[in-house]
1. Give the residues of the range 58-84 that are surrounded by fewer than 17 Cβ atoms within 10 Å (Cβ to Cβ) and closer than 22 Å to D127 by Cβ, sorted by residue number.
2. P202 - would you say it is surrounded by fewer than 19 Cβ atoms within 10 Å (Cβ to Cβ), within 18 Å of G63 (Cα to Cα) and either touching a Leu at 6+ places or on another chain (Cβ under 8 Å) or at pLDDT below 95 (or both)?
3. Output the helices (runs of 4 or more DSSP H) that fall wholly within the range 103-196 and possess 3 or more residues being out of contact with any strand residue (DSSP E or B) (no Cβ under 9 Å at 6 or more places or on another chain), closer than 21 Å to G207 by Cβ and polar (S, T, N, Q), or say none.
4. Go through the range 85-116 residue by residue and tally those that are of a type in the set (A, V, I, L, M), buried (at least 17 other Cβ atoms within 10 Å of the Cβ) and under 18 Å from S181 (Cα atoms).
5. Kindly indicate the residue of the range 204-228 that is among the small types (G, A, S) and assigned to a loop (DSSP other than H, G, I, E, B) and also farthest from Y73 (Cα to Cα) among those meeting that condition.
Amino acid sequence: MSRRCMPSCLVLALFCLVASGCDWHLPGKPVRPIAEKLDSRADFERLYFVNCLGCHGPDGRTGPARPLNDPLYLASIPTATLEAVIHSGHGPLMPGFGEAPSGGLDEPQIAALAAGMKHFWGDPSIDSGTLPPYAQPAEADPVAGQAVFSTVCASCHGADGSGLEGMAGSVVDNDYLLLVSDQALRSTVLFGRTDLMTPKMPGGCPGYRGPFEGQPSDRVLTDREIADVTAWLVSNRSSYAREGAR
């Protein structure tokens, strides 16, 4: 083969290799996770590690975003809703992995990721019918929600939600509220952030079942109280940004 011909032949061979769908990856080409089934926990963990670990933490806990390795959360959220969140995201911080311009997840991978969370991290003994609804109802009273918040959350966040030094931060700061969706706020009210522990908050932030400091040990938030507290938190977000955070 002549030296003149070699570059052209190499280009043609490379084109055929890429067009054939070979698993050999060009430099810079996104490497998509290949696991699409739940044949093993390793399949699920590969999907999770590549796509979710950075925000939701190792083993689904102690990341900047809420824990996914939470049996209550997984029992509450319908599988179809979990798949929709993975696909389309919600709020400014949660991207849609089914809508990425490159290296996104296809439908079988999204289904495997959602099923893996429920299978490996869920608790089948929890009856989802006994839990408050995952989604926020259309009707809620933010004024009543502020009163509930000041009763059960004031010991950590202050009665007005602006935070207490050495305890928990502000939940009414507009920069924070611009970054979280309405559902993320409701999920925190529902399930808490028990992974975020401090010396003064050894149990982290409790969910709707408490315990709440200064309240009876059996104090739990009703469905209406959960909705009202969420509505009050949302009401503190500047009005121009509320629609985009849903």
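1. Matches in the range 58-84: P71, P78, T79, A80, T81.
2. yes
3. Because the criterion is at least 3 residues that are out of contact with any strand residue (DSSP E or B) (no Cβ under 9 Å at 6 or more places or on another chain), closer than 21 Å to G207 by Cβ and polar (S, T, N, Q), the helices (runs of 4 or more DSSP H) in the range 103-196 that meet it are 142-152.
4. 3
5. Filtering first and then ranking leaves G214.
Okay, residues lined up against (1) buried (at least 19 other Cβ atoms within 10 Å of the Cβ); (2) within 23 Å of G63 (Cβ to Cβ); (3) out of contact with any Leu (no Cβ under 9 Å at 6 or more places or on another chain):
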residue: V143; (1), (2), (3): no, no, yes
residue: L164; (1), (2), (3): no, no, yes
residue: Y176; (1), (2), (3): no, yes, yes
residue: T198; (1), (2), (3): no, yes, yes
residue: V234; (1), (2), (3): yes, no, no
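The values are calculated or read from the model by the stated rules, or taken from the named source; none is laboratory data. Fair warning: this is a prediction, and the values are worked out from it, not measured in the lab. Backbone-built Cβ (ideal geometry, glycine too); neighbour counts: all protein chains shown.
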